[in-house]
Amino acid sequence: MFAGLTVDGTTVNSLDEDSTIKLIFDADTEFRCSACGADLAETPGGFDDDNGDNECPAYQSDEPDADGTGPHTPERVALSWCNSAGIRTDETDDAITLSLSTGDPCGAFTITIRRVPDDADSPLAGRLLLHLPYPDQPMPHDQLHPLHPGTFVIGRPAPATRAHLTAA
Ligand SMILES: [Zn+2]
């Protein structure tokens, strides 16, 4: 095997044996205040900043005679759902696996393409097989609920109506 590793189109390395490439995300902060920029933690009563305060210093009131105080405005931090994304090559198995970890950081959803060996006693000898995560898989990374062909809702089943971004 020989493969070039590129980052944003620039070759940074070449690989000549089995490799595991991984992007590791800082998934500690899931929410941030869109008004003041503070990292927020979800609490039973709302969203608190690092000081345990749910009052936002940058709160803008729509009411002219309001006292000017109000809560943080939580928004989800982009890509905070991802622990890691990776590519693993395995020459022995003639396989490449892509992985995306959204739940337990020790595991991941995986997508693998593997070639059945030419000397396999099978009509599939020499053919490529695609392995995907599927609902009710044993030892799943997370539960998958079919939405459309090829699309799944991860975790809890999809609710009937849109969920608003409020504290649990
Ligand atoms: Zn704020």
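The values are calculated or read from the model by the stated rules, or taken from the named source; none is laboratory data. What you see is a predicted model, and the numbers here were worked out from it, not measured in a lab. Here Cβ is always computed from backbone atoms with ideal geometry, including for glycine, and neighbour counts include all displayed protein chains.
Based on this model, can you work out whether Pro123 counts as touching a strand residue (DSSP E or B) at 6+ places or on another chain (Cβ under 8 Å), at pLDDT 95 or above, part of a loop (DSSP other than H, G, I, E, B) and not small (Gly, Ala, Ser)? When the stated conditions are applied, Pro123 does not pass them. Taking the criterion of being surrounded by fewer than 16 Cβ atoms within 10 Å (Cβ to Cβ) and out of contact with any strand residue (DSSP E or B) (no Cβ under 6 Å at 6 or more places or on another chain), the residues of the stretch 94-106 that qualify are Asp104, Pro105, Cys106. Can you confirm whether the stretch 133-143 contains a residue that is in a loop (DSSP other than H, G, I, E, B), over 27 Å from Arg32 (Cα atoms), in contact with a Leu (Cβ under 9 Å, 6 or more places away or on another chain) and among the aliphatic types (A, V, I, L, M)? There is no residue in the stretch 133-143 that is in a loop (DSSP other than H, G, I, E, B), over 27 Å from Arg32 (Cα atoms), in contact with a Leu (Cβ under 9 Å, 6 or more places away or on another chain) and among the aliphatic types (A, V, I, L, M). Of all the listed residues (Ala27, Ala3, Ala78), the sole one being over 30 Å from Gly155 (Cβ atoms) and either hydrophobic (A, V, I, L, M, F, W, C) or within 13 Å of the ligand (Cβ to nearest atom) (or both) is Ala3. Restricting attention to the stretch 137-155, the residues being more than 12 Å from Gly103 (Cβ to Cβ) and among the charged types (D, E, K, R) number 0.
Scanning the stretch 52-89 for residues that are part of a strand (DSSP E or B) and not acidic (Asp, Glu) turns up Pro71, Pro74, Arg76, Ser84, Ala85, Gly86, Ile87, Arg88, Thr89.
Thr92 meets all of the listed conditions (1) farther than 30 Å from Asp119 by Cβ; (2) more than 16 Å from the ligand (Cβ to nearest atom); (3) more than 15 Å from the chain's Cα centre (by Cα); (4) in a loop (DSSP other than H, G, I, E, B) but one, namely (1).
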